[in-house]
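The values are calculated or read from the model by the stated rules, or taken from the named source; none is laboratory data. Quick caveat, the model's predicted, so the values are computed rather than measured. So basically every Cβ, Gly included, is an ideal-geometry build from the backbone, and we count neighbours across all protein chains shown. We work out accessible area using only protein heavy atoms, side chains counted, and drop any ligands, DNA or RNA first. Shrake-Rupley method; radii C 1.70, N 1.55, O 1.52, S 1.80 Å.
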4 protein chains.
Amino acid sequence: MQSRSSAARATGRPRSAAADAAILEATRAALVELGWSRLTLGDVAMRAGVAKTTLYRRWAGKNELVVDAVAELFDELELPDSGSLAADIEGVVLQFAAILDRPEAKSGLMAVVAEATRDEALRERVRASIVDRQKRLVLEGRARAQARGELPVEDDPAAAAATVDLIFDMVAGAVVHRTLVSAEPVTEDWARRFAQMLLQGLTNTSPA
Amino acid sequence: MQSRSSAARATGRPRSAAADAAILEATRAALVELGWSRLTLGDVAMRAGVAKTTLYRRWAGKNELVVDAVAELFDELELPDSGSLAADIEGVVLQFAAILDRPEAKSGLMAVVAEATRDEALRERVRASIVDRQKRLVLEGRARAQARGELPVEDDPAAAAATVDLIFDMVAGAVVHRTLVSAEPVTEDWARRFAQMLLQGLTNTSPA
Amino acid sequence: MQSRSSAARATGRPRSAAADAAILEATRAALVELGWSRLTLGDVAMRAGVAKTTLYRRWAGKNELVVDAVAELFDELELPDSGSLAADIEGVVLQFAAILDRPEAKSGLMAVVAEATRDEALRERVRASIVDRQKRLVLEGRARAQARGELPVEDDPAAAAATVDLIFDMVAGAVVHRTLVSAEPVTEDWARRFAQMLLQGLTNTSPA
Amino acid sequence: MQSRSSAARATGRPRSAAADAAILEATRAALVELGWSRLTLGDVAMRAGVAKTTLYRRWAGKNELVVDAVAELFDELELPDSGSLAADIEGVVLQFAAILDRPEAKSGLMAVVAEATRDEALRERVRASIVDRQKRLVLEGRARAQARGELPVEDDPAAAAATVDLIFDMVAGAVVHRTLVSAEPVTEDWARRFAQMLLQGLTNTSPA
DNA sequence: CGTTAATCGAGACGGTACGTCAGGTCTTCAC
DNA sequence: GTGAAGACCTGACGTACCGTCTCGATTAACG
């Protein structure tokens with residue numbers, strides 16, 4: 001989405017705010033029914049009760065549209081306060097897996113990532129809308145664990161940031177790979193074993 | 001690829017064996033230049049010096065073709081015998097990341113995974129050609145580590161298999177996520193930190 | 001060609017009128033160069049500087065397009081007022097033969113007739129666009145001859161209509177057969193002999 | 001069809017004579033079911049229980065094959081000896097129309113004529129296999145009429161030949177045009193009127 | 001309160017690729 | 001060498017979406 005040069009224009013008919021929401025919703029509905037590759041912008045426009053022109057005026061193409069439509073899904077994620085770091089990890093893993101299991105997410109996410117490998121701007125959009133946005137969960141989890149005394153406070157801010165990135169890639173990566181590549185379900189048992197293994201790594205690793 | 005029911009073969013001109021190889025090679029070349037979404041089967045056929053019909057006679061579509069073309073890439077992976085489990089992990093992670101960094105792999109792999117979310121047959125093909133095939137690395141690594149006494153021998157075969165799956169998803173997932181989703185490079189430093197963290201999990205986790 | 005229900009026209013971009021003319025002209029040019037069987041709609045579209053879809057939006061296929069393109073050719077025909085029925089017939093026969101000798105006509109006309117044998121709608125289109133349209137020549141010729149007193153006025157309108165049809169089939173049939181089936185030229189001599197023979201039939205036949 | 005250098009070869013397996021007949025019969029059957037444009041040589045080969053190769057070894061292509069298949073149909077035509085020239089003409093017209101009404105004839109004949117407009121060799125084949133072959137009917141009819149005294153004997157052989165050609169084009173042309181272009185049935189009434197009109201031309205025209 | 005200008009819907013436009021089909025040729029093995 | 005089988009290359013098919021364009025018809029804010 002784009003706001004047309006911040007301190008915006010005045011004259012002329014303003015853009016319909018409702019259209020944006022309708023389009024994103026229609027995009028998700030189309031992802032559910034058709035998946036990424038069979039989704040067409042013409043179809044999305046029709047579902048949203050909007051002309052194709054209107055859609056193209058707001059998004060550059062399929063990729064950008066789907067990033068925005070999918071990104072909203074991950075905002076539902078919340079870190080459960082379960083009292084222990086292990087339980088927190090387990091909880092967030094299960095939540096994440098539940099979202100990834102929804103067809104509008106699984107079908108769109110990987111496709112957009114695939115496209116992003118050849119499109120710097122899209123890569124940046126994915127990073128901003130999805131990756132960086134959900135790192136909040138790792139940060140929050142670490143803060144809580146440190147408050148509880150489960151994790152030491154890292155002094156070097158650069159090392160701390162690197163650890164956050166590493167943990168994020170490990171958690172998100174494992175869940176995504178399990179769900180989409182291996183195509184096996186993330187069961188409670190799997191989540192528990194994963195959390196346990198990660199915890200050992202976290203607590204016993206001297207910050208190199 | 002398909003062998004036409006093993007002991008079939010009776011009549012008619014036999015299929016050119018050279019064509020198969022040329023097509024897969026052309027597919028990878030096209031992936032490098034164009035990426036998944038701009039790759040067309042017509043173009044692949046032309047590059048391979050083959051008619052479109054020949055291509056369609058052997059593969060059902062773009063998805064199936066690309067799975068086969070990409071799967072071959074991962075066969076290069078070898079577990080380095082570096083003397084310690086940590087070094088083995090680090091080594092394979094760097095190798096894996098190097099392959100994933102090649103445009104023919106990154107562009108194709110995620111796209112195929114995305115398509116597989118809506119296509120059971122394709123999912124099975126990915127599992128057979130890529131996932132299960134590369135689990136050999138985890139199995140071999142574990143065997144070596146057990147021989148060295150770095151890892152205990154698990155008695156329960158079911159639990160052992162679950163661990164293999166878990167480790168595979170964690171390693172592959174982390175590298176894929178780092179490379180393609182976070183879009184950050186897998187440096188030697190990152191690989192060392194990751195290996196260290198995983199190792200802690202492996203050696204300190206009581207097989208629940 | 002179709003006018004979309006005359007008083008329709010409400011919304012959307014209107015169809016380009018220029019495109020229609022360009023397409024028909026390109027069709028005739030392609031008929032000259034390639035003939036019916038080698039003519040492709042893709043090529044016609046390219047010649048006309050138009051997208052294939054534009055062409056298919058207006059005509060259902062090659063047959064319909066060629067009927068329209070060829071029909072226009074016969075509109076050039078004019079009944080010469082030469083003072084006698086014999087000369088009138090002779091003149092129109094030579095004109096007709098001249099048109100049939102042009103490659104865009106000979107190549108397209110028979111092919112369309114061949115297709116029409118299996119396609120009722122096409123048959124109707126040929127009848128409307130070509131046959132009925134050119135019967136005007138027979139009607140006009142008869143009127144003049146009656147004015148000159150060369151032919152009696154038939155009283156029974158049904159019999160008169162049947163005679164018109166018969167004459168039309170005899171004239172057009174003979175010229176077409178001579179030109180396309182026998183593949184011999186229609187010379188002035190042939191036209192004179194034909195006109196003479198027909199005239200005898202016309203003037204001496206008691207209207208059964 | 002071609003006979004391989006008259007005083008033919010010896011060595012190798014001889015061509016199956018049955019195949020020729022089967023192919024021509026299959027061609028006619030395919031014309032009935034599919035018409036010219038949808039008829040495919042692959043399909044004909046299958047119907048005839050013959051390989052495509054066999055078919056191509058004997059005919060150069062679709063056009064040549066269909067000419068041969070259709071030409072046989074017209075060999076059925078026979079001049080009825082009805083006692084008067086008018087009745088003879090009427091009879092042959094009705095016979096000819098009956099053949100032209102059969103789908104294997106109407107669909108194939110015009111298509112072949114259309115192709116022949118751009119193919120000298122094909123034109124020659126049509127002339128030899130169909131046109132010249134059926135002129136026998138006109139010749140025979142004239143001879144009988146002369147024997148009966150209905151027609152004078154023409155002295156100039158060139159003029160006589162020209163008249164035969166003219167009559168042939170007039171008869172065949174009118175019937176073909178009526179049947180295929182105007183797409184109206186040739187009724188007994190039409191045939192009678194046509195014969196009458198032609199007769200007047202024949203008997204009253206001084207051989208210019 | 002009537003301009004004014006960007007919005008909206010609709011749908012035609014020039015393109016590109018699709019997956020299929022037929023035409024003819026070539027290669028294999030059996031006769 | 002003929003024959004059936006079927007793979008091969010070529011090229012056209014008719015369709016589907018793409019992203020752009022041209023319409024006439026709404027809207028608001030501005031003047």
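Assuming R0 = 25 Å, what is the FRET efficiency of residue A:158 and residue B:150, from their Cβ-Cβ distance, to the nearest 0.05?
0.20
So how much accessible area does residue C:120 have, in Å² to the nearest 10, using a 1.4 Å probe?
100 Å²
Leaving out ligands, DNA and RNA, calculate the buried accessible area for the pair C and D with a 1.4 Å probe, summed over both sides, in Å² to the nearest 100.
4400 Å²
Which whole number gives the average count of other chain Cβ atoms within 10 Å of the Cβ atoms across peptide B:191-200?
5
Given the protein chains as shown and a 1.4 Å probe, how many square angstrom of residue A:37 are accessible, to the nearest 10?
60 Å²
Could you provide, to the nearest whole Å², the per residue accessible area of the protein assembly as shown with probe 1.4 Å?
Value for the protein assembly as shown: 45 Å² per residue.
Where nothing but the Cβ of Lys and Arg (+1) and of Asp and Glu (-1) is charged, how large is the charge dipole of the protein assembly as shown around its Cα centre, in debye to the nearest 20?
Dipole size: approximately 440 debye.
Kindly express, to the nearest 10 degrees and within the range 0 to 90, the angle between helix B:132-148's C-alpha long axis and the longest C-alpha principal axis of chain B.
Taking Cα atoms only, the helix is inclined about 30 degrees.
Mind jotting down the distance between the C-alpha centroids of the stretch C:40-81 and the stretch A:135-191, whole Å?
The stretch A:135-191 and the stretch C:40-81 have Cα centres separated by 67 Å.
With charges only on Cβ, +1 for K and R and -1 for D and E, what is the dipole size of chain D about its Cα centre, in debye, rounded to 20?
Approximately 1080 debye in magnitude.
Across peptide B:128-136, how many C-beta atoms of other chains are within 10 Å of each residue C-beta, on average?
Rounded to a whole number, the mean comes out at 1.
Say each of residue C:46 and residue C:188 gets a label point 7 Å from the Cα, pointing the same way as Cα to Cβ; how far apart are those two points in nm?
4.4 nm
If each label sits 7 angstrom from Cα along the C-beta direction, how far apart, in nm, is residue C:21 from its counterparts in the other copies?
Reported distances to equivalent positions: 5.2, 6.0, 6.1 nm.
Report, to one decimal in Å, the Kirkwood hydrodynamic radius for the protein assembly as shown based on all distinct Cα pairs.
Roughly 34.1 Å, rounded to one decimal.
Can you give the mean number of other chain Cβ atoms that lie within 10 Å of the Cβ atoms in peptide A:159-169?
What the average comes to for A:159-169 is 3.
Select from A:38, A:142, A:13 the residue whose mean-square fluctuation is largest in a Gaussian network model of chain A (Cα-Cα springs shorter than 10 Å).
Highest fluctuation of the listed residues: A:13.
I need the calculated FRET efficiency for the pair residue A:139 and residue A:17, taking r as the beta carbon distance and R₀ as 41 Å, to the nearest 0.05.
After rounding, the FRET efficiency stands at 0.80.
Classify the stretch C:1-134 from the C-alpha gyration tensor, please: rounded if a/c falls under 1.5, else prolate or oblate depending on whether a/b exceeds b/c.
prolate
In whole percent, and with a 1.4 Å probe on the protein chains, what portion of the accessible area of chain C is carbon and sulfur?
Carbon and sulfur atoms account for 54 percent of the accessible area of chain C.
Charges on Cβ only, +1 for Lys and Arg, -1 for Asp and Glu, centred on the Cα centroid of chain B; of B:167, B:196, B:110, which one is farthest towards the dipole's positive end?
Highest projection toward the positive end goes to B:110.
Shape verdict for the stretch A:162-208, please, from the Cα gyration tensor: rounded (a/c under 1.5), prolate (a/b greater than b/c) or oblate.
Oblate.
Percentage of Cα-Cα pair distances in the stretch B:71-204 greater than 27 Å, rounded to whole percent?
When all Cα pairs of the stretch B:71-204 are counted, 20 percent exceed 27 Å.
Ordering B:46, D:197 by accessible area with a probe of 1.4 Å, largest first, what comes out?
Sorted descending by solvent-accessible area, the residues read B:46, D:197.
Under the Kirkwood approximation for Rh and a Cα-based Rg, what ratio Rg/Rh is obtained for the stretch A:63-114?
With Rh from the inverse mean 1/r over Cα pairs, Rg/Rh is 1.08.
Quantify how much of the Cα-Cα distance distribution of the stretch C:84-148 extends past 15 Å, in percent.
In whole percent, the share of Cα-Cα pairs in the stretch C:84-148 beyond 15 Å is 63.
Which whole number in µm²/s is D for the stretch A:17-58 by Stokes-Einstein, with the Kirkwood Rh taken over Cα pairs at 10 °C and 1.306 mPa s?
Result for D is 160 µm²/s.
Using a 1.4 angstrom probe with every protein chain in place, what is the largest-first accessible-area order of A:184, A:115?
Result, largest first: A:184, A:115.
Going 7 Å from the Cα of residue A:102 toward and past its Cβ, which residues in the stretch A:130-151 have a backbone nitrogen under 19 Å from where you end up?
A:130-137
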